[in-house]
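Engineer: This is the structure I have questions about; it appears just below.
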Amino acid sequence: MDFDLENPLGNFHDLPCDAVPSLFLIESDHIPPPNYCQSLKASDFDISVRRDVVSLISQLSCTFDPVLPYLAINYLDRFLANQGILQPKPWANKLLAVSCFSLAAKMLKTEYSATDVQVLMNHGDGGAIFETQTIQRMEGIVLGALQWRMRSITPFSFIPFFVNLFRLKDPALRQVLKDRASEIILKSQREIKVLEFKPSTVAASALLYASHELFPFQYPCFLRAISDCSYINKETVVQCYNVIQDIAREEYESVLNINSTSDTPVNVLDEHFLSLESEKTNGTNVVVTQEQDFKRRKTTDYGNNRRVPFSHFHQC
Amino acid sequence: MEKTGVLSAKEAFEKLEKVGEGTYGKVYRAREKATGKIVALKKTRLHEDEEGVPPTTLREVSILRMLSRDPHVVRLMDVKQGQNKEGKTVLYLVFEYMDTDLKKFIRSFRQSGETIPPHIIKVILSICPSIFNIRFFFVHLFLSIWLQSLMYQLCKGVAFCHGHGILHRDLKPHNLLMDRKTMMLKIADLGLARAFTVPIKKYTHEILTLWYRAPEVLLGATHYSMAVDMWSVGCIFAELVTKQALFPGDSELQQLLHIFRLLGTPNEDVWPGVSKLMNWHEYPQWNPQSLSTAVPSLDELGLDLLSQMLKYEPSKRISAKKAMEHVYFDDLDKRHL
C-alpha cells in the first residue's frame, strides 16, 4: 500500500471535474459534528480553553508545514466535540496540545525534537514536565475518541483540485495562489465560525479570496469555475467567503489600530498598507518560487513555511 | 478520562479459533460477546520505543478506517488497545468476518472438471436437456452468471482505493474475501492488515505474489502507479474464467517469460522506456498471441476488457473506474453492487 497523504487528489489532474473524487464523499467523517460549533459559542470558558490549546499547538508547530498545525487543531476540535472540556487546568491543556501535535506529526511523518517540545511547554511555567508514557497514554485516549480516523481531510487536500479548475498555466502564479490560500486557511481555522463549513468549502472560499486579492481581473473566471463544480454548493461557498473576508478584514483592522496614534489620515494609511502588502507578497513569493526551483526537483504544495512580512508585522 | 463500561478487547471477544498467523501477530475467528457477531480479530504487538504508537501503524490504521466505508473493502469495525501479560501494548484490529476467499472459491470449481462456455451450455440444453448431470450444469451456469458480478465488484473496490490515492500492490485471489451466501467480494490485506497473511513458506507449490505482479514491477520500475493493481485485476479476471493462473511463474525471470510468451516480448515500440528499466535484459523474442488462446471461453467483450487490463505500458492500461464503464458490464444488474 502506498499513498500520497498530502496530495490525495493529485491523480486527478487529468480528469474532468465530473470525475468523482472520493474525498468529497467522506470529508464529513473527518470534521467535528455540526453542533460542536454551537456548543462552543454557548460557553465563553470553552472558547477560551480552545483558544489556549490552539495557541499552544501553534507555538509547537511554528516552524513546520502549515498542514501540521491544521491537522493537530482538527484533532483537538474532534476530541473536544467527543469528550467535552473536562479538565480546566493549564497542565491538561498542554498535555492535550502536545498529544495532538505529536499525532499530527506522526501522520505526516514529520520528525521533531522532543526536547524542544519540553522547553516550549515549560516556558512561563515552572511545572509540568510530561513523561513519555504520559504523552503516550494521552495519545491513546485521543485515538480512541477519534476512532483512529486520523487521516483528516483538510482544506489543503482540495487545493490542487480547485487550482486545476482555474487553468492558471504559470507554475509560479499557481504557487503564489496556493501559498496565499494556505495562509488564509490556517488563519481562519482559529475562528470558530469557520468550523461550520466543510473542508472543501473552506478550500474553495480561501482560493477565491486569494484570487480576488492577487488576480482581481481573472477573479470572475475563477468564480465561474468553482460555481460549475458539481461537488460544491455555491451558496455555502458565498457564506464561507464572507466569513473568511471578515477574518481577513479583522487582520487589517488590527494593523490599523496599532498605528492609530499616527498623524497620517486613516484613508491614506489604508491605501498605503494595501499596496505595501501587495508589493511584498508578490516579491516574497517570487523569491520563494525561485528558491524552490533551485533546491528541489519536485515542488511540494506546502513546502513554503514563510509568512509574508505583513503577517509578521501583525503578529508583533 | 477512560469511559466506564468500555470493555477491553479480551473481555469483549471470545476467541473461537486461530485462523492465521504471521510475522506480526495472529488472526482469530472470534465472537463479540455483546452482539454475538462473528468477527476476524487481528492482534499485533506494537513495537514501541519512545514514540508510542508508531507512525506507520497510525497512518495505516487511519487509511483502513477511511476505506472501510466502501462495501467492497473489508470493513475495519473497531480498533482496541490493550496490554498483554507482559504489560506490552497490544493492538486489536476488529474486521468483519468473511467465510471464504476467491482462491478457495476458484479451487472449489476447479474440481468440477473442464469449463464449458455458457453459450454452448444453452445450445446443448435446448437440444438435449436430459444429458447433463444437474449439479455439473448448475455449477457452471452459476459461475458464468457470477463472473461479471465478481469482476465488477473487484473493479469497484479497486476504484475506491485508487480514488483515495491508495494502491494495494498485492491483489490476488487469496486476499479477496467473499461471502458465499450473498456473493459479495471485498478487498482485504491493505497495509498493516497484510502483515497477517500466512507466510509464503507454508505453501509448497505457489509463490503467492509473483503470479499477479505487473511487468513493470518485475522489471524493477521504482515508481509504481495504479496500473500495477489493474494488471493484477486482469490476471484474476482470466483465472476466474479458466480456474487456472494465467501467468504461473516460479521465479521473477520465469514470471516475465510466461508473460512474454503470451503477450509478446515487449520492445520500445509497444512500451516506450521498457529497455531502460533496471532489470531489463535481452529476452527470447516472442510474437504476441491472441488472448483467446489463453482464455478460450471468454466472450469478445470480456477479451477486450482483459486486453486493456494487460497493456504493457502502464499509462495505457485501463483504470478501475473506466473498467467499470466497459461494455462488458452493460448487461449486469448493478443495483445491489
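The values are calculated or read from the model by the stated rules, or taken from the named source; none is laboratory data. Remember, it's a predicted structure, so these values are computed and weren't measured experimentally. Here Cβ is always computed from backbone atoms with ideal geometry, including for glycine, and neighbour counts include all displayed protein chains. For accessibility, only protein heavy atoms count, side chains too; no ligands or nucleic acids. Shrake-Rupley method; radii C 1.70, N 1.55, O 1.52, S 1.80 Å.
Engineer: Determine the distance separating the Cα centre of the range A:178-230 from the Cα centre of the range A:20-81; give it in Å without decimals.
Structural biologist: So the separation of the two Cα centres works out to 18 Å.
Engineer: Can you give the extra length, in nm with one decimal, that the chain gains between B:Lys181 and B:Asn84 once fully stretched, where that is 0.36 nm per residue apart less the Cα-Cα distance? It would help to have the intermediate numbers written out before the result.
Structural biologist: Numbers: separation 97, 0.36 × 97 = 34.92 nm, distance 3.66 nm.
Going from the current span to full extension adds 31.3 nm.
Engineer: Calculate one ³J(HN,Hα) per residue across the range A:53-66 by plugging θ = phi - 60° into the Karplus curve 6.51 cos²θ - 1.76 cosθ + 1.60, and present them in order as whole Hz with x for glycine and proline.
Structural biologist: Running phi through 6.51 cos²θ - 1.76 cosθ + 1.60 with θ = phi - 60° gives 5, 4, 4, 4, 4, 5, 4, 5, 9, 5, 9, 10, 3, x Hz.
Engineer: With r defined as the distance between the Cβ atoms of B:Trp286 and B:Glu252 and R0 fixed at 22 Å, what FRET efficiency is calculated, to the nearest 0.05? Let's see the in-between values first.
Structural biologist: Working: r = 18 Å, r/R0 = 0.80.
The pair B:Trp286/B:Glu252 has a calculated efficiency of 0.80.
Engineer: Sorted by accessible area (1.4 Å probe), largest first, how do B:Asp229, A:Asp52 line up?
Structural biologist: Values: B:Asp229 0, A:Asp52 80 Å².
Ranked from most to least accessible, the order is A:Asp52, B:Asp229.
Engineer: Would you mind checking which residues have amide H under 5 Å from B:Tyr97's amide H? H placed 1.01 Å from N; only 5 or more apart, or other chain.
Structural biologist: B:Ala40
Engineer: Which distance in nm do the two modelled labels at A:Gln245 and A:Asp170 give, with both placed 7 Å along the Cα-to-Cβ direction?
Structural biologist: 2.6 nm
Engineer: Okay, moving on. Taking H placed 1.01 Å from N in the peptide plane, check which residues at least 5 places from B:Trp286 or on another chain put their amide H under 5 Å from its amide H.
Structural biologist: Sorted by chain and number, the residues that satisfy this are B:Thr265.
Engineer: Count neighbours as other Cβ atoms within 10 Å of each site's Cβ, and list the chymotrypsin sites (Phe, Trp or Tyr not before Pro) in the range A:184-250 that are DSSP loop with at most 13 such neighbours.
Structural biologist: For chymotrypsin sites (Phe, Trp or Tyr not before Pro) across the range A:184-250 that sit outside H, G, I, E and B with at most 13 neighbouring Cβ atoms in 10 Å, the list reads A:Phe217.
Engineer: So, taking all protein chains as they sit and a 1.4 Å probe, how much accessible area belongs to B:Asp330, in Å² rounded to tens?
Structural biologist: About 100 Å², rounded to the nearest 10.
Engineer: Which cross-chain or sequence-distant (5 or more) residues have an amide H under 5 Å from the amide H of B:Met184, H modelled 1.01 Å from N in plane?
Structural biologist: It is B:Asp179, by chain and number.
Engineer: At 7 Å along the Cα-to-beta-carbon direction for both B:Arg261 and B:Thr242, put a label point, then send me their distance in nm to one decimal.
Structural biologist: A separation of 1.0 nm, rounded to one decimal place.
Engineer: Would the range B:205-337 count as rounded, prolate or oblate if I go by the C-alpha gyration tensor, calling it rounded below 1.5 in a/c and otherwise prolate when a/b exceeds b/c, oblate otherwise? Provide the component values of the computation, followed by the final result.
Structural biologist: On the way: a/c = 1.73, a/b = 1.53, b/c = 1.13.
Prolate is the answer for the range B:205-337, as a/c is 1.5 or above and a/b outweighs b/c.
Engineer: Once phi is turned into θ = phi - 60°, what whole-Hz ³J(HN,Hα) does the Karplus curve with 6.51, -1.76 and 1.60 give for every residue of the range A:76-81, x standing for Gly and Pro?
Structural biologist: Per-residue couplings from phi come out as 4, 5, 5, 5, 5, 5 Hz.
Engineer: For a quick check of understanding: with a 1.4 angstrom probe and all protein chains in place, what accessible area in square angstrom does B:Ile318 have, to the nearest ten?
Structural biologist: Near enough 20 Å² of accessible area.
Engineer: Just to make sure I understand: if all protein chains stay in place, what is the order of A:Lys234, A:Lys106 by accessible area at 1.4 Å, largest first? Kindly include the intermediate steps, with their values, before the conclusion.
Structural biologist: Working: A:Lys234 115, A:Lys106 15 Å².
Highest to lowest solvent-accessible surface, that is A:Lys234, A:Lys106.
Engineer: If you don't mind, another one. Applying the Karplus parametrisation 6.51 cos²θ - 1.76 cosθ + 1.60 with θ = phi - 60° to the phi angles of the range B:217-222, what ³J(HN,Hα) value in whole Hz is obtained for each residue in order, glycine and proline being reported as x?
Structural biologist: 6, 4, 8, x, 4, 9
Engineer: When the dipole is taken about the Cα centre of the range B:57-107, and only Lys, Arg (+1) and Asp, Glu (-1) are charged at their Cβ, what size is it in debye, to the nearest 20?
Structural biologist: Values: 10 positive and 7 negative charges, 22 e Å.
Its charge dipole is roughly 100 debye.
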